Amino acid sequence: MAHRHHVVIVGAGFGGLAAARHLRAVPVDVTLVDANNFHTFQPLLYQVATAGLDGDDIAYAARGIFHRQRNATFHLGRVERVDLEARTVHLATGAPLVYDTLVLALGAVSNTYGIPGVDEHALGLKSLTEAVELRAHVLRQFERADADPSVVAEGGLTFVIAGGGPTGVELAGGLSELFKVLRRDFPRLDVTRARIVLVEPTDRLLGTFHPRLSEHAARTLRSRGVEVELGVGVAKASSTAVVLTDGRAIPTATLVWTAGVRAHPLADTLGVEQTRGGRIVVAPDLSLPDHPEVFVVGDLAASPAPGGDGLLPQVAPVAIQGGTHVARQIRARLEGRPTSPFRYRDKGSMATIGRNAAVAELPPGIRLTGFVGWLAWLGLHLVQLIGFRNRANVLVNWAWNYLTYDRGARIIVGDP
Ligand SMILES: Cc1cc2nc3c(=O)[nH]c(=O)nc-3n(C[C@H](O)[C@H](O)[C@H](O)COP(=O)(O)OP(=O)(O)OC[C@H]3O[C@@H](n4cnc5c(N)ncnc54)[C@H](O)[C@@H]3O)c2cc1C
């Protein structure tokens with residue numbers, strides 16, 4: 001049988017999935033590789049961490065995506081190395097995958113900037129595993145305090161969140177709603193003593209949004225009991241306290257790190273040009289400058305923003321549009337046409353603060369807050385979720401939570 005052009009896509013996140021799906025009608029064989037057998041809808045990880053949704057509501061089995069795409073297969077495996085000269089992808093187990101075209105879509109990892117104690121003691125919120133672990137940790141803290149109320153004075157119910165970007169804001173709002181449910185779960189415990197401290201080193205939350213929306217987010221969070229600390233960062237962390245850059249020590253057993261990301265460490269092993277944060281410098285069509293057969297998309301890629309104003313943000317729409325663009329370039333090359341530069345169309349950004357409250361910034365200059373912003377946020381996330389089952393589950397869970405003020409997924413999974 002004649003050899004068909006083989007496209008290997010590494011990473012079944014937003015970028016990799018978009019690339020694979022848009023290669024459906026292109027005469028190539030596609031292998032999509034991921035360390036997990038599912039796609040994670042990361043924007044709703046905080047809902048899993050705060051018991052608003054179950055883990056499998058926001059995950060989609062990768063093999064299911066290709067039931068109706070005959071030129072694509074899924075391969076479960078952790079990529080450890082890429083040999084750009086030999087055109088091979090090396091996995092933790094099994095034979096290497098040989099490619100004609102490679103799409104790298106490995107995303108990003110947390111960046112703790114070497115702050116003492118953070119790697120050892122902070123919890124992350126980058127994957128489904130971390131979200132489920134964080135949920136279990138929070139619930140365990142309440143169980144501990146219920147068994148021995150003296151742990152409250154030691155910070156057992158103090159939850160410090162580092163980073164006032166969308167993830168930190170959404171997590172703080174989600175936790176404050178979870179605590180209302182926990183008041184009913186723990187009638188013997190004074191849950192009003194539980195603290196959420198959101199720490200942001202710059203002078204405002206949601207730094208990429210309009211300042212008016214930043215103020216709205218801070219005001220709403222404060223009205224819901226969140227302590228918003230601006231202009232101060234985390235200086236060091238231990239198992240019993242977080243020390244802030246102004247010298248204050250907060251006794252706590254919980255530091256959640258949402259304060260920064262860097263490109264997946266595989267980028268560091270390729271010997272290619274990188275920006276600060278490890279992102280791979282790409283040509284305008286998203287290929288590697290010295291390896292046109294390799295494309296890089298999503299959080300891993302450093303593509304200039306329009307007007308030379310920094311880099312495109314590390315958000316889902318950039319990854320999805322990048323993956324779609326790359327699929328079109330692969331087709332163009334096979335048809336003997338030149339590739340074209342990637343042009344990102346910004347459709348705005350949103351962050352929810354909790355029940356009936358969100359901020360949204362939509363082009364051209366439309367700003368929404370409160371209930372209207374929240375409805376826009378709900379609608380957009382429902383539409384973007386992959387799979388009818390996920391959308392139906394999320395809709396039912398959200399309706400249930402809204403009408404009953406409940407958070408049904410208060411489940412502790414795994415060992416401490
Ligand atoms: C908590 C959170 C909330 C967010 N909220 C928003 C939001 O509201 N709006 C928004 O636009 N963006 C949001 N983002 C950012 C958005 O999720 C990312 O920009 C987007 O996922 C990037 O897509 P990607 O394809 O580059 O990488 P990812 O979607 O991260 O996919 C990378 C894939 O690579 C796989 N992988 C990693 N290492 C290996 C390996 N060694 N071998 C094989 N596979 C591997 C992973 O399992 C994963 O499936 C959020 C991110 C987080 C973490």
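Rule-based calculations on the coordinates, nothing more; no lab input. Computed from a predicted structure; not experimentally measured. All Cβ positions, even for glycine, are placed from backbone atoms using ideal geometry, and neighbour counts span all protein chains on display.
Placing +1 on the Cβ of each Lys and Arg and -1 on the Cβ of each Asp and Glu in the chain, which of His121, His22, Gly94 has its Cα farthest towards the positive end of the resulting dipole?
It is His22.
Count neighbours as other Cβ atoms within 10 Å of each site's Cβ, and list the GluC sites (Glu not before Pro) in region 256-338 that are DSSP loop with at most 14 such neighbours.
Those that pass, being in a loop and sparsely packed, are Glu273, Glu335.
From the phi of every residue in region 16-29, what ³J(HN,Hα) in whole Hz does the Karplus formula 6.51 cos²θ - 1.76 cosθ + 1.60 yield, where θ is phi - 60° and glycine or proline is x?
Coupling constants for region 16-29: x, 5, 4, 4, 4, 5, 7, 9, 3, 9, 9, x, 9, 9 Hz.
Could you list which residues have their amide H under 5 Å from that of Ile161, counting only those 5 or more apart in sequence or on another chain, with H placed in the peptide plane?
Val197, Leu198, Val199, Val256
Which of the GluC sites (Glu not before Pro) found in region 84-169 are in a DSSP loop and have at most 10 neighbouring Cβ atoms, other than their own, within 10 Å?
Here the sparse-neighbourhood loop sites are Glu85.
How about Lys180: which lysines have a C-alpha closer than 18 Å to its C-alpha, ignoring those fewer than 8 places off in the same chain?
Partners within reach: none.
Taking amide H positions as placed 1.01 Å from N in the peptide plane, with prolines and chain starts having none, which residues 5 or more places from Val261, or on another chain, fall under 5 Å of its amide H?
Here the answer is Asn111, since their amide H atoms fall under 5 Å of that of Val261.
For a test of the definition: using alpha carbon positions, the gyration tensor, and the 1.5 limit on a/c, classify region 148-261 as rounded, prolate or oblate.
Oblate shape, in that a/c is at least 1.5 and b/c is the bigger or equal ratio.
With axes computed from alpha carbons, what is the tilt in degrees of helix 370-384 against the longest principal axis of the chain, rounded to the nearest 10 within 0 to 90?
Roughly 40 degrees, rounded to the nearest 10.
Per DSSP helix of 4 or more residues, -39500 (n - 2.57); summed, then divided by the residues of the chain. What does that give at 222 nm, rounded to the nearest 500?
Numbers: 11 runs with 129 residues, N = 416.
Computed ellipticity for the chain at 222 nm equals -9500 deg cm²/dmol.
Can you check what the Kirkwood hydrodynamic radius comes to for region 1-146, Cα pairs only, in Å to one decimal?
By the Kirkwood definition, the hydrodynamic radius is 17.2 Å.
To make sure I understand the rule: partners must be lysines, Cα under 24 Å from the Cα of Lys347, and not fewer than 8 residues away in the same chain. Which ones qualify?
Lys126
Taking the Cα centre of region 223-324 as origin, work out the dipole magnitude from +1 charges on Lys and Arg Cβ and -1 charges on Asp and Glu Cβ, in debye rounded to 20.
For region 223-324, the charge dipole is close to 440 debye.
Given the options Thr93, Thr258, Thr50, which has the most mean-square fluctuation in a GNM of the chain, springs set between C-alpha atoms less than 10 angstrom apart?
Thr93
Give the percent of DSSP beta bridges with both residues in the chain that are antiparallel, rounded to the nearest 5.
Beta bridges within the chain, antiparallel portion: roughly 45 percent.
Pull out a ≥ b ≥ c, the square roots of the eigenvalues of the alpha-carbon gyration tensor of the chain, then state rounded if a/c is under 1.5, prolate if not and a/b is larger than b/c, and oblate in the remaining case. Please list the in-between numbers first.
Details: a/c = 1.78, a/b = 1.76, b/c = 1.02.
Judged from the Cα gyration tensor, the chain comes out prolate (a/c at least 1.5, a/b above b/c).
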